[in-house]
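The values are calculated or read from the model by the stated rules, or taken from the named source; none is laboratory data. In this text, all values refer to a predicted model and were calculated from it rather than measured experimentally. Here the Cβ positions follow ideal geometry from the backbone for every residue, glycine too, while neighbour counts run over all protein chains shown. Protein only, heavy atoms only, side chains kept; ligands, DNA and RNA dropped before computing areas. Shrake-Rupley method; radii C 1.70, N 1.55, O 1.52, S 1.80 Å.
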Amino acid sequence: MQRTKIADLLRTEPTGTTVLVKGWVRAFRNNQFIALNDGSTANNLQVVVDFEQTNPELIQRIKFGAAIGARGELVESQGKGQRIELKVEHLEIYGDCNPEEYPLQPKKQTLEFLREQAHLRFRTNTFGAVFRIRHALAFAIHRFFNEQGFVYLHTPIITASDAEGAGEMFRVTTLDPANPPKTEGGAVDFSQDFFGKAANLTVSGQLEAELGAMALGSVYTFGPTFRAENSNTTRHLAEFWMIEPEVAFADLNDNMDLAENMLRYVISYALEHCMDDLKILEERLIEEEKSKPQDQRSEMTLTEKLRFVTESHFERLTYTEAIDILRNSNPNKKGKFQYPIEAWGADLQSEHERYLVEKHFKKPVILTDYPAAIKAFYMRLNDGTEPGKETVRAMDILFPGIGEIVGGSQREERYDVLVSKMEAMHIPTEEMYWYLDTRRFGSCPHAGFGLGFERLILFVTGMTNIRDVIAFPRYPGSAEF
RNA sequence: GCCUCAUUAGCUCAGUUGGUUAGAGCGGCGGACUGUUAAUCCGUAGGUCCAAGGUUCAAGUCCUUGAUGAGGCGCCA
């Protein structure tokens, strides 16, 4: 007999037909009622055992976490908590689960404890919900770009260019670390390494994506990205997934529209397809908020917050306008900022971004036209700015509770301007010939951005630590599993 | 990398000014009950108080160093 998934069963009517289900025991109450979960949905199927007609040794083995199969009639439930249930005719245990040794328990366990049990945490309601939503968001992103006529470009994970300047890199090598070949000068001789030169894990697929966009028109990447930064925060990982669209013949406004539409599209998709999982996470947050003082509780529930974002337009303003708002803000005047806003040109700190998003505008904010000095070399220099106050066509999308979720820009398409900026920022132009070639041959205005996938999941799930929205997090000092 | 806080039973946590034999809830185990919904009721076992040093008549409690975890900051997505 073919097994039926619980997600499908819960959508059907209790017809009295015989079905076979397989899953894991989430609860066994009263020697009769098994709450069975097979991962297809957050919801359990109630499986009713006739304990007087069942071998006591078999009953004894129905423990929290055990894998079982149950065949029986699907009937209307006599109890109140559920519409339908399965009346067992035949029960089979596939895998026992010894409760004395099993780390998970049928009760609340902290996220920190479950992080140490990351190989088992999928089995909890919370992480089941998180990873089903993560899947749905990944699917929605591909669907969005496909509908928009984008080509999914697989940019390399191993790169030999270390000129991108996006962060510290992980070295990829096959040289013997104890005894590497040396040059005459005593340095490690990477010309003898696997690739004939030093290689690293990618910190961004953007530069390669630009190459694709200059022929395919609209491309996006969606893959793992690596940063060897010693970052210890709730929003950074050493290995994370990034989505990087790149569009030819697009300017910064097109870019902002694309990012905003994409975010609204994928959040709407989650609201349409993941409501059971979102409700579980929403309940979790409501429980958690109860232990907080009144003034720190959020005004909106998780789903209200998501709906709010899908329905509101993001506030767009320039860096210069943001500085004015911050300079005249109450916390700045009262000296509440740890880093007071003084002169134009300073980079904004987390506290400033949070003030703009969470206090001033109370919705997602897009900041544009940052000072050229604090942004990357490939961003397009704005025309007609005062000397010393040059800005670039950059944009950052800031989300409440997360901070920067998207960073993007219109790219510098003018060969001469790009070369002089690279020279000023000490980026070796010879090594980057392939990138510069796009500007030498058929260059055009183009723009793109990077979206941190895990940061998006943080926002949609309401989780607060990025290590809880990726299956097996990598961060300083940790590469378990 | 910097700052702050934490580490006590399987889990979540109490443990007063340094003072006798370190407690609770949940979970586990044994039993009762049998239409339960975090089931309920009765009983029961379970501890290298993170580690190493130190102060003291006496340390879970104070000090030093280290490890691990959490939160914040920086770097960013």
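Relative protection proxy for A:5-17, A:343-355, from highest mean packing down: A:343-355, A:5-17 (other beta-carbon atoms within 10 angstrom).
Placing +1 on the Cβ of every Lys and Arg and -1 on the Cβ of every Asp and Glu, with nothing else charged, gives chain A a dipole about its Cα centre of roughly 1340 debye. The protection proxy used here, the mean number of other Cβ atoms lying within 10 Å of each residue, ranks peptides A:147-154, A:375-382 as follows, highest first: A:375-382, A:147-154.
Segment A:48-207 gives an Rg/Rh value of 1.21, both radii derived from C-alpha positions and Rh following Kirkwood.
The angle between the Cα long axis of helix A:252-273 and the main principal axis of chain A comes to about 0°, on a 0 to 90 degree scale. The residues of segment A:6-102 expose, per residue, 56 Å² of accessible area to a 1.4 Å probe.
Loop-located GluC sites (Glu not before Pro) across segment A:1-78 with a Cβ neighbour count of 16 or fewer within 10 Å are A:Glu52, with loop assigned by DSSP.
The phi torsions of segment A:69-80, fed into the Karplus equation with coefficients 6.51, -1.76 and 1.60 and a -60° offset, translate into couplings of x, 9, 10, x, 8, 8, 10, 5, 7, 7, x, 8 Hz, rounded to whole numbers, with Gly and Pro shown as x. Convex hull volume of the C-alpha atoms in segment A:6-102, normalised per residue: 96 Å³.
Computed over protein heavy atoms with a 1.4 Å probe, the accessible surface of segment A:245-306 works out to 51 Å² per residue. Centroid-to-centroid, using Cα positions, segment A:325-356 and segment A:387-420 are 20 Å apart. Pairs spanning more than 22 Å between alpha-carbon atoms, out of A:Lys334/A:Lys363; A:Lys80/A:Lys108; A:Lys107/A:Lys290: A:Lys334/A:Lys363; A:Lys80/A:Lys108. Of the accessible area of chain A, computed with a 1.4 Å probe over protein heavy atoms only, carbon and sulfur atoms account for 48 percent. Farthest towards the positive end of the charge dipole of chain A, among the residues A:Ser350, A:Met300, A:Gly403, is the Cα of A:Met300, using unit charges on the Cβ of Lys, Arg, Asp and Glu.
The distance separating the Cα centre of segment A:135-197 from that of segment A:55-121 comes to 44 Å. Ranked by the mean number of other Cβ atoms within 10 Å per residue, highest first, peptides A:324-334, A:406-416, A:232-242 order as A:406-416, A:232-242, A:324-334. Normalised by 2.2 N^0.38 Å, where N is the number of residues, the C-alpha radius of gyration of chain A stands at 1.17.
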